[in-house]
Structures are given as C-alpha cells and as structure tokens.
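One structure is given below, encoded as structure tokens.
The values are calculated or read from the model by the stated rules, or taken from the named source; none is laboratory data. Please read these numbers as outputs of a predicted model, since none were measured by experiment. Here the Cβ positions follow ideal geometry from the backbone for every residue, glycine too, while neighbour counts run over all protein chains shown.
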There are 2 protein chains.
Amino acid sequence: MAKSQALQSNLDVDYVISYRFAKTDKAKAVAQFEKLCEALANVGLQTEVRNGDSHSVLLFVRVASDEHLFGEIYRSRVRDWIHGVRAAAPSKETRESLEAEPLYEAERLRIIYQLITNPRSEGGAGITPKEGEWEGVESVFALHDHAYNKDWIKKWSSQWLLTTEDLDDIRNRLGEKIAFYFAFTQSYFTFLVFPAAFGFAAWLFLGSFSPIYGIVSAVWCTVFTEYWKQQEVDLGIRWGVKGVSKIDIKRKEFQHEKTVTDPITGEQVGFFSASKRFQRQLLQIPFALIAALSLGAVIATCFGIEVFISEVYNGPLKSVLVFIPTGILTTVNPILNTLLTQVATRLTDYENYETAAAHDTALTQKIFVMNFIMSYLGIFLTAFVYVPFGNVIVPYLDIFNVAVRPFAEDEKQLHHTNSNWSINPDRLRKQVIYFTVTAQVVNLGMELIVPYLKRRGFAKFKQIQSDRAAKNGGAPPASASDPPEDAAFLERVRKEAELDVYDVTTDLREMVVQFGYLSLFSVVWPLTAVSFIINDWIELRADAMKICVEMQRPTPWRADTIGPWLDSLSFLTWLGSLTTSALVYMFWNTSTGPDGNPSNIQLWALLLTVFFSEHLFILFRMAVRIVLSKIDSPGLQKERRDRFLVRKQYFEENLSAMEKIPKMSDGGGEITRKSLEEDARLGSLHETTPETKFWGRQRGWRETASVARGFIERAQNETTVERKKEL
Amino acid sequence: MAKSQALQSNLDVDYVISYRFAKTDKAKAVAQFEKLCEALANVGLQTEVRNGDSHSVLLFVRVASDEHLFGEIYRSRVRDWIHGVRAAAPSKETRESLEAEPLYEAERLRIIYQLITNPRSEGGAGITPKEGEWEGVESVFALHDHAYNKDWIKKWSSQWLLTTEDLDDIRNRLGEKIAFYFAFTQSYFTFLVFPAAFGFAAWLFLGSFSPIYGIVSAVWCTVFTEYWKQQEVDLGIRWGVKGVSKIDIKRKEFQHEKTVTDPITGEQVGFFSASKRFQRQLLQIPFALIAALSLGAVIATCFGIEVFISEVYNGPLKSVLVFIPTGILTTVNPILNTLLTQVATRLTDYENYETAAAHDTALTQKIFVMNFIMSYLGIFLTAFVYVPFGNVIVPYLDIFNVAVRPFAEDEKQLHHTNSNWSINPDRLRKQVIYFTVTAQVVNLGMELIVPYLKRRGFAKFKQIQSDRAAKNGGAPPASASDPPEDAAFLERVRKEAELDVYDVTTDLREMVVQFGYLSLFSVVWPLTAVSFIINDWIELRADAMKICVEMQRPTPWRADTIGPWLDSLSFLTWLGSLTTSALVYMFWNTSTGPDGNPSNIQLWALLLTVFFSEHLFILFRMAVRIVLSKIDSPGLQKERRDRFLVRKQYFEENLSAMEKIPKMSDGGGEITRKSLEEDARLGSLHETTPETKFWGRQRGWRETASVARGFIERAQNETTVERKKEL
C-alpha cells in the first residue's frame, strides 16, 4: 500500500487505544491488557493489536456487534428526550428509530467513545484513560480523515466567509463543541466588519477617545453579545443539541463523603455536602488574592521599571536596561501562569464537583480571572494610574535609583531628570497597539510554529534514538514487526498517537480575551478592530490547520453553548461601558490627555459619566434583548414546527374518538324524550331532590329558549306600560 | 326551602349566564337568546332559564354530556404536555387519564368556562361576554360555595399564619392565579417579621438613616425578591402549572392586518407586522411623558403650595388654606388616574397584541409607571429636592404670594417670613409615616367599606324602585314568577349577579407598591415594616372576605407567576439600593438632616456611595441567586421524580430487548469459528480488501491479547538488554 493510500483510508478503524507499559511490571501489563481486550469485546467491539513506539502497543477497535451500539444510541436518545433536547420520544424499536434518523459521523464516534469509557453499570466498557487500573491506557483517539481534512483546508483557504454549511460540516465531523467554537469565531469575525470600517473612519476623522466612537463601540459589543446568545439557541436547534448542557454528566473523579438514598430514584448515590464544598470554595478568595497580587506585582513592577528606565532614567546602559522589564515579564509571567493554572486545577478538583459542567464552570472562572489580570492590568495601570497620577507617583520610582546607582557615572545624571519630567501621553496608545497587534501576531505564530518545532524535534530525537539502538544491535524499531501492506498505515497511526490532544477552550479563551481589548480599550486606538479582523481571518484557518495537522482527531463532544465564556463575554461588555466612558471623559478634547496632575479630573464628573454610561448600557442591553427575542429565526421555527407535529399527531390519534360524540342539538327531541323516561324512572326510584326539581323544569334548549321568550316579552311589555304611564 | 339552605346548595349549577336585553330589540333578543341556548346545548351543556332583575334573564348551565368536557380536558392536557407543564403525555383514553388524575373544582370550572367561551373551531360554544353578537351576555359566573366561604373566613380569622395547605385549598377552589396572589402576600407577610423586629430595634437604638438598617433592609429586600422567584417555581410545580404562562393564549380582540400561511402549522393565521406595532408602541413615550408631567405637576404644585402655606405663609386663613393641597390631590389625582388608566388601556389595545400575556405585560408596565409616580414622587421631591435645595428653591415659592395677597391684611405678614425661614427637617419622616400608615389604613378601609356602601345603596335604590312600581300597579318584581321552592336560591343568585368582578391584579399592585415603600424609604422611618405587618395580616383576611362577599365568584384561571409585577418587584429592589444609600449618605449623623444648603453635600461622595452601593447590591443579588439555585425544594424534587419515572418506564419497556444481546466473550470460541467460516465464504465471494485483511489477523479478544503479550514481552526484554549494555 502506497503512502498516499495510507492517508486515504482508515481501514474501518473506529478508535485507536494507545497502551503504554514502560513503567509497569511485565506480567501486570500483560494481565491488564488482557482485561482491556475482554472489556472491549464485552461491549461488542472487535480488536486488533499492533506494535507501538517505545514501550507501547496500539489497540485498534471497531464496532462488531451493532446491538451494543444501538443500546447506547437508544439510551442517549431517551436521555435527550427526557431533557427536552428532542421533541418526540424515540421509537422503542432502536433499529426503526435509527433508520428514521441515521447517525452522523461525529455522533457515531461520540457514542463509540462513550461505549468504551462509560462505566459498566451504564452499559460501557468502563475504560478510563490514565486513571485507576487503566493507567496504562495513554489515549483513546479516532483517526484523522485525511481526505476530508485536505479538502477542508483547501476550501477554507480560498473562501472569504464561512457559510452555515461549512459549520454544519464541522459539526458532522468534529462534533458540536468544536463547531460552536468555529461558529462563534465566524460570527465574531463577521460582526467585526462594522467596527473595523467605522474604526477606520473614526481613526481618520474623529481621532482617539471620541465619544461617538465610544458609543458606537459599546453598542456594537452589546449587540454582538446578545446576538450570539440568540445564535447559540438557533445553532443548538439546528444541530439538535439544544439543552444538552442541562444533561448532568457525573464526574468520575467525584469523591463522595457518604452514600445516601436518592429521594428521586431510590438508588444509592454518593453525597457530598454543599456546606463542605462551600468551605472549600472559600479558598478561592485567598487564591484570587494571591493570583491578583503576584501577577499584579510582577506587572506593576515591570511597569514601574519600564517607566523609570525609559522616561526617568537617563544614565548609562539605558539601551540595555530598557529590556529588563520585558525580560522579567516573558520569563516570570509564563512560570507564574503555569503555576497558578495548576493551583486553580487542583483547587477545582478539591472543590469536588459532582457534574462535569459545574467543574468546568468553576475552572473557567478561575482561569478567566488570571487571564483578565495578565491581559488587561497593564493597560489599566497606564490609563487609570500612570496618566492621571503620573506626576505624583513617578518621583517615588526613585527607589529604582538605588538599584541602578552602581551603573551611574555621576550623581547628576540621575537627579536632574526628575525635576522636568512629565508623563508620556503616547504610552497608553502604544501599549494598546502592542497588545492588539504585536501580541496577537506573536500569539498566532506561537500557536502554529511551536507545536511544529516540537513535533520536528521529537521526530528527530526518536530517529537518533532508534539509529543508536540499531547500531548497538538492540531492539529493532516498532515498525519492524509490521505486515508490509499495513506498514504505511501503521506509521501514520504511530505519528498520530504522538500528537497533542486538542483543547478547544484555549482557542475560545483567546477569542474572548481579544474581544475584551475591543470592548475595554478600543476607544484608545480605533484601528483595533482592523487589526483583529485580519488576525481572525487567519486564526480561523490556522485553527483548522492545527486540528488537522498538529493534534489528534478530537473526540466529538456535544455542546449547545460556548459555556462559561459567555458570562465572561457579558462581563467584558459591561465593564467596557465603564472603561470606555471613563477614558472618553478623561482624555477627550485634551490632545495629549491629562497631564498627570489628578486635580484636573473632576471626580464627580467622572463618576457621573461612568454612572450615566453604565445605566444607559443596561437599558440599551434590555432593549436589544427584547428586540432580538421578537425576531424569528429558522432554528426557533424548526423547533416550533417539531413541537407542532408532535401535538398534531397526538390530536389526530385521538380525533376519531372525539368525532363520535353525538351532537345534542341534532337529536334534540330524541334526547329529550329519552331523558324524560329516564327521569321518570329515577323519580320512582329515589325521592325528588331539589336539584332534580330545579333542572327538571325545562327539557332541552328549545324549551329553555321558549320560556325565556316569555320572560323577555313580558319585560318588554312592562317597559312599554311603564313608559306610557310616565308620559 | 329556607334561606340558609339556599346558601348551602348550588343545585348542581356550574355556571350562570346573565343575559340583559334592556337595550336590545325584543325579537332580536329572543332570537339571540335562542342561539345562545343552542350553542350551549351543542357543547353538551344543559340549560334552565329563570327571570332576572330589571330586563335580564338568568341562564343556568350544567354539564349534561361528559364527552365534550372530556374533549376539552384532553385538549388542555395535551397542550400542557407539549409545553412541558406535564412530564408525561396524557393517556390517549381520556376516561382512563381522568381516572388517574381526577379534576379539582377550580380545574373543572375553568374547563367548563373554556367550553362556554372558546371559539367553535377549538371545540367551545364561542360565547364572548359583552362582545360582538354576544353583547347581551353580561356575565358568565359560577356561584359561590357559601358553606366553604364561611369555613374559610372563620378559619383564617383565628389563624396567625397561613399554611401551605390553606393555599392549596384556595388553589383548588379559586384557581392558581388567585392562589398565587395569596401565596405571594403570605410569603411577604412571613418575611416581614424580620424587618419588623429589626426595624423596631433600629428605631429604638439606631435611629433614622442608620447605614446598618439600610444594609439590612436592602439585603432583606433582595433575599425576599429572589426567594419569591424560587417559591414561584416551587408552587408552580406543586400545583402542576409550571410553564402555563408560556402557553400562548390568543387574544380574541387581536386585529390582523392580513392573513398569512403559518410556516409551522400551514394554517391561515392573522398577521400584524411587528414594525407597525413598534410604531404604535412609540406612542408610549409621549404617554409616559404626559403621565409623568401631569401627575408630577399636580403633585409638585400641591407640594409647593403645602410647603408655602405651612412653612412660609403666615397670613390669615392659614388653618383653612393648609387643606388646599390635600383637596387638590384628592380630587384631581383620582380623576387624572382614571383618565390615564383609560388612555393606557386604549393604547395597549391599539398596540394590538396577539397574546393575552403580551397584552397584560404591556398594560401592567404602563400602570406601574403611573403608580410609581403617584406613590413615590412626593417623597422623592422631599428627600432629593426640598431637603437639599430647600433654601435655594423655597424663596421662589413667593409666586404663590400673588395668589394669597388678597387675603393678606398687611404686606409685612407676607414678607418677613422668608428671611428667617429654614427647612423643616421632620417633613420627610412625617411624609413617609403618612404613606406607610395613614394611607394604608385609609386604603384598607376604602377597599372594604366602599363596596359595602355601594351594595347597600344599590339594594335600597332597587327596593324603592320596586315599591314604587308596585304602588303604581306596574310590573311585579322579577321574583314574582319564581317557583316557591327555588325563591330563596334565585334571590341569592340575583344578588350575586349584581356583584363586581374580582380583579386580582389590583390587590397585587397594592402589595407591590407597599413593598416599594419598604425598599425605597424605610430607612427614613424604620418602623415601616411594623406598620405593614399589621396591615397585611388584616389585608389577607379582608381580601378573602372581599372575594366571598363583595365579588362574584372569580373564574379560576391558571398562572405560574405573579406575572409582570415580578419585574416591578426587582426594579424596586434595585432602585432601593440607590435611594437607601443616597438617603443614608445625606442624612446620617446630621441630627436634623442637611440644612437645605446644597453645598454641604459633596456630589462626588454621594455618587461614589450610590455607585458602590449599587454594585454591592448587584454582586449580593448574584450570590443570593446562586445560593438559592443550589437549595433543593420539594417542588423541584417532585419534578425530577416525575421525569425520572417517565425515563425509567421507557428504559424498562426496552430493557427486555436489550438483555437478549449475546455476549461476545461468553461464546468467544464459537463466534470465532463461525466468523472464520463466514470470512472464508466471503473471501471466496469477493476480492480481499485491505480492511478485511487488516481486521482478519486476530480473531477474538484472546488472540489480540496473546499477540500483545508477545509485543510486551519483547519490549521488556529489549529494555533489559539495553540496560545491561548501558551498565
């Protein structure tokens, strides 16, 4: 089989399980692997084993018995129906229901993945990668569809805008969770066209800190955030996943305190008291403080050093010293970030959430706080500390003098600078440009190039190692035992096994942070959106490429939202209404901005501006929500149609019975005669009650009407009589 | 039949239709009444007619054919199921489903009412009281259950707190909408215990404008509002109505512009363009302005006159003139209010909403705005205009001098007062006491006494009229033609026919406005809650009495919320966080409050206080929401249990099929042999594809495991070899 063919076909493989036994005792590894094979066979999966790289074997898995798969599909669909994800109950015959709604690729892969990983009690094989007894199971991954990937990249590279069909395609291949990321980025990108155009015009004609640009930008952010919320619902319906985020997925790592009887199901379930969890959650406060203080201290120190060196200091080695803060930031920050992320993860684990959704939300919140500080604190410091209070604070930066004194040639060099120092009004703009252009480009580059270099380096290292092993007469490479016709295919699989696992939240976070710059600070430099629109066009394609080339094929999870990031988006939009108005108040109409003297800023006017702007924002957001809720979307229409069809079906099934009801008016006379006889019979059986007497006076509606005629005619006559008398 | 017996039994009557023909031509009235009887008979209702008072007849209606009722019940339950109000679909056999869930009284009455009033196309008789061809149908009402009413009043009068069972009872008798009002008032009353106790303590030890009281009060308001939102859900589930507010009820008055094909049902439906409605909604802006200006002008003028007369003016007739503002307010305000309410109703009609819910929301919003101005503007003026700016503004009140000059005996009397005038610091407190004590008592009295007097006066008037008629030898009273055994009963029914229709929103509005005083101004006078708790204890009983005695039995509508008033509640809580903090800032620690000189108030400090307080409030509200959402309630448990049972039933029905799946591991050998044969057969039929070759190498999981054993052992050996070499 040629290499190109190896890329074309996946040989019916559904999943590959990479089993590593480097650290395990031989006998134990063999026994555990045997258990693995048996567990998979038990849920109807066929297995084939091949040699893997360096102390691992690759176990290929495909569905052999459909019954188990059908069972899992049925279970999944009933669960969906109960949670309102589906309008109608699935047909009780799984085969039938499957014929009515065939599986799409991502759904099939997801269900097989669940078949492998779900606990035995829920009908799965109970394989939990890297955990407990399955520590040897390094990864469970599907194989890339290279033909599709090639088409995908090719198509997107030549397309200006992505269509909904493109997104559908991603959903069918990679699942809704990833599709939601692409849909979000695509929506964001499309929406960016307006602020990019308006921002360019504002840059040309209005300049920085224009209140008009500020208002337009805040309006745009609000409309986008609210639009996306609607769009999520719409896409959720389109992809048949609306409501899946409400399905509780129990975390396997959940540790219960004690076992209690569930009041709902009557089953024994693990229980962890909410008050205990709350106590643990309180640890978030010291964590947030430490994160804010440590990250803040690093950023503030670097900021101080930078200001001192570039603006105050005038001594020797300035050209070298100026790089110190950047050096500190680029070394200390990532370390601190990694450290804090680890603490955040541990803390979230310790908080011991019962469901995956709660766990993710808690973790995302912590990560958002860290990202917020790292991304925006520097600009906040410039805008709200350096510029207004610069002249008051900067002289205190003299403490750095002590540090640089050894380098100074004479005392004079250090001192005379302070007296005539004034703040650099351009610093804020430069900083915003740095974060919205330079940092974005660097980031994009890192995302693509670092994994490539890593992959290359790793391949090289392995090459050297195996060369040495061959020279030493040691073990032959893993490929030595490959059947020749599978060799190319297996080589490809071994490469894919080495790849990283794709985490969509990282990409999502990047977009949300980017949105933050736009909402918080774009009034400083109206070209921000122009930079972002270019960046994001590439980003979308780069991410597609990354998934295809740099990462293992992701397990296609479902989602009906971008999750907790949506809250971050709302938060940033709200905060934007505060910062934008404050920036506009402070800097507008002062060509250079405030002069560093706080007395020039009227605190009451600033507060009034911010207060007014915030409430205007809240009102406007409410209006946007109302308007958007009125707009009908294809998704909502589809949902209503589905519900209507279910209802119609029910009514129709019952309609025949309903139509047999005899109409009283048709056979009025008959019924009257019948009921007369009936009443006579009843009257002879029982005593006459007041009720039977009361209701017995008029038989049938005709009699009622004729009695009424009497009343009406008499009443009318009386009126005539009375009138005559009055005359 | 004795009179007491007439009160005991309703003679099986389900509904009474009062048909008035005073203004109609005799022949037309007779024909229309005949149509009425026929329409009712067509939906399975039995009719009896009796003479009514002054040109009306009373048509008694009861269910004769259950089939129509069952049809309506089934339709209602399917609709509920589709909208998620019920967890399980109703059994297709209505009789069966009715046996499983028998009707409660309110449900039965509601469904019969719908049977009478629903359009023919939906299976009803299409009787629309007071509208179109049914203009003669004055009212459709059920008869009071006097025995129950007596017990109810007796029970409540002797009970300190209402239990959930008491509320259940109301729900069973009067329907969920009224039960929700009582549940809300009861919750509010229970919650009031805390601020009443704390307020009393604050009044004793902290005095007015205490920041501690302000914080406690804001916390209480927030907790109550959020608690009630949860409680609504819980009660909705308890009463099986959760989600009914989402069921769209089409308004009969809806005017369509054109007919379009519904994209969902394919039916022809009326359409009214949203943009046209939006244009009409824009009329709300001038309406709100006019309402605010006219009401505001009246209140502000009266306020000005009052301040002038009581504090500035010192001339003759002061004791008389001081009543002018009260006189103006009590005459002009109700007139203006009635006028504006009419305009609001017309405007809402003109906005032409499709559903009853949208219509109600739009109307409630307008009424809330009016009530807000009427109830709170006076206090706002005192607190935020009179007290801070009094010394600046009051001298301008001299314009009133011109009006009172004729009464002045000498010029001096008018002028010397201005110079040494200073604001009355006690005015704010007095005003709050007026609104929270005096006005509440007066209001309660009006609610009970006015309808009583009206009823009495009306009875007297009728007595005189019929006496005169008898003297003149005119028409005998309507009761003349009554059968003697029904006379007492019919007299009672005639009285009930004359009663007013109960509107629960009026009572609800009263409670929300009361809550507003607590949230906005109670920091002025901490005893506010003490007054309210006494008032509300009586109010709850008085309302029960009102419904039993003063009003027709209300049609039992369903509801799962107190509706748009909930938004008003949230709004008042939010606004309270602003006013309370502002009041505390301005008045705390100044025994007399600001001296009317605005320079004493630092605007920036006021703004900072309000800004800080508002955001603290928003954060706290978020925390309360999170905590409350974590707390499990009996209602939510019930809902989950219902859903679980549905799911379990579905799984169990399918379980037998699932268990028949052959386990691959059990018959591993067999299957291998079989599949070998199968493969051989397939191999001879087709060419061997790469897939069959790849998957054909290992048969069954045992073979896979043994191949893997080879790989693992070899790899381990290599490691040993390598290690040895390295040593």
Checklist line | Answer residue from the stretch B:232-259, given it is touching a helix residue (DSSP H, G or I) at 6+ places or on another chain (Cβ under 6 Å) and part of a helix (DSSP H, G or I) and is surrounded by the most Cβ atoms within 10 Å (Cβ to Cβ) among those | finding: B:L235
Checklist line | Single condition A:W160 does not satisfy, out of (1) of a type outside the set (S, T, Y); (2) closer than 16 Å to A:V233 by Cα; (3) assigned to a loop (DSSP other than H, G, I, E, B) | finding: (2)
Item checked: Out of B:A657, B:A605, sole residue that is more than 30 Å from A:E614 (Cα to Cα) and either more than 8 Å from chain A (Cβ to nearest Cβ) or modelled with pLDDT under 60 (or both) -> B:A657
Check: Which number in (1) surrounded by fewer than 20 Cβ atoms within 10 Å (Cβ to Cβ); (2) under 28 Å from the mean Cα position of the chain (by Cα) marks the one condition that A:L206 misses?
Finding: (2)
Check: Counting only residues that are more than 20 Å from A:E510 (Cβ to Cβ) and of a type in the set (A, V, I, L, M, F, W, C), how many does the stretch A:160-192 have?
Finding: 2
Item checked: Residue list for the stretch A:311-337, filter: in contact (Cβ under 8 Å) with a residue 40 or more places away in the chain and over 30 Å from A:N352 (Cα atoms) -> A:E311, A:V312, A:Y313, A:N314, A:G315, A:P316, A:L317, A:L321
Next item on the list: For B:Y74, state whether it is touching a Pro at 6+ places or on another chain (Cβ under 7 Å), facing another protein chain (nearest Cβ under 9 Å) and buried (at least 20 other Cβ atoms within 10 Å of the Cβ).
Entry: yes
Next item on the list: Within the stretch A:282-297, track down each residue that is surrounded by 12 or more Cβ atoms within 10 Å (Cβ to Cβ) and of a type outside the set (V, I, T).
Entry: A:L283, A:Q284, A:F287, A:A288, A:A291, A:A292, A:L293, A:S294, A:L295, A:G296, A:A297
Next item on the list: Read through the list (1) touching a helix residue (DSSP H, G or I) at 6+ places or on another chain (Cβ under 6 Å); (2) among the hydroxyl-bearing types (S, T, Y); (3) at pLDDT 80 or above, then give the number of the only condition that B:S56 fails.
Entry: (1)
Notebook entry, point to check: Yes or no: A:A31 surrounded by fewer than 19 Cβ atoms within 10 Å (Cβ to Cβ), assigned by TED's automatic domain parsing to the domain that holds A:E135 and closer than 30 Å to A:R238 by Cα?
Noted result: no
Next item on the list: Just need a number here: residues in the stretch B:346-361 that are over 12 Å from B:R280 (Cα atoms) and without any contact (Cβ under 8 Å) to a residue 24 or more places away in the chain.
Entry: 1
Next item on the list: Working only within the stretch A:641-654, note down all residues that are at pLDDT below 80 and either outside any helix (DSSP H, G or I) or basic (K, R) (or both).
Entry: A:R643, A:R647, A:K648
Next item on the list: Would you mind stating whether A:V624 is under 24 Å from A:I237 (Cα atoms), among the aliphatic types (A, V, I, L, M), at pLDDT 90 or above and in a helix (DSSP H, G or I)?
Entry: yes
Notebook entry, point to check: Do the conditions hold for B:L167, that is, is it of a type in the set (A, V, I, L, M, F, W, C), closer than 30 Å to B:Y585 by Cβ and part of a helix (DSSP H, G or I)?
Noted result: no
Next item on the list: Scan the stretch B:625-635 for residues that are surrounded by fewer than 17 Cβ atoms within 10 Å (Cβ to Cβ) and of a type outside the set (D, E, K, R) and jot them down.
Entry: B:I626, B:V627, B:L628, B:S629, B:I631, B:S633, B:P634
Next item on the list: Kindly list the number of the only condition in (1) assigned by TED's automatic domain parsing to the domain that holds A:Q231; (2) under 23 Å from A:Q8 (Cβ atoms) that fails for A:L109.
Entry: (1)
Check: Of everything in the stretch B:497-513 that's farther than 30 Å from B:S56 by Cα and touching a helix residue (DSSP H, G or I) at 6+ places or on another chain (Cβ under 6 Å), which residue is surrounded by the most Cβ atoms within 10 Å (Cβ to Cβ)?
Finding: B:V512
Check: Right, A:V57: at the interface with another protein chain (Cβ under 7 Å from one of its Cβ atoms) and surrounded by fewer than 23 Cβ atoms within 10 Å (Cβ to Cβ) or not?
Finding: no
Item checked: Residue in the stretch B:673-709 that is modelled with the lowest pLDDT, counting only those that are more than 8 Å from every other protein chain (Cβ to nearest Cβ), over 28 Å from A:L7 (Cα atoms) and surrounded by 14 or more Cβ atoms within 10 Å (Cβ to Cβ) -> B:S675
Notebook entry, point to check: Which one is farthest from B:W134 (Cα to Cα) among residues in the stretch B:240-283 that are aromatic (F, W, Y) and out of contact with any strand residue (DSSP E or B) (no Cβ under 7 Å at 6 or more places or on another chain)?
Noted result: B:F278
Next item on the list: Please determine, by comparing only the residues of the stretch A:23-51 that are in a loop (DSSP other than H, G, I, E, B) and more than 8 Å from chain B (Cβ to nearest Cβ), which one is farthest from A:S466 (Cα to Cα).
Entry: A:V43
Check: Within the stretch A:145-179, can you find the residues that are charged (D, E, K, R) and over 14 Å from A:L7 (Cβ atoms)?
Finding: A:K154, A:K155, A:E165, A:D166, A:D168, A:D169, A:R171, A:R173, A:E176, A:K177
Next item on the list: Return a yes/no flag: does the stretch A:20-28 have any residue that is acidic (D, E) and buried (at least 18 other Cβ atoms within 10 Å of the Cβ).
Entry: no
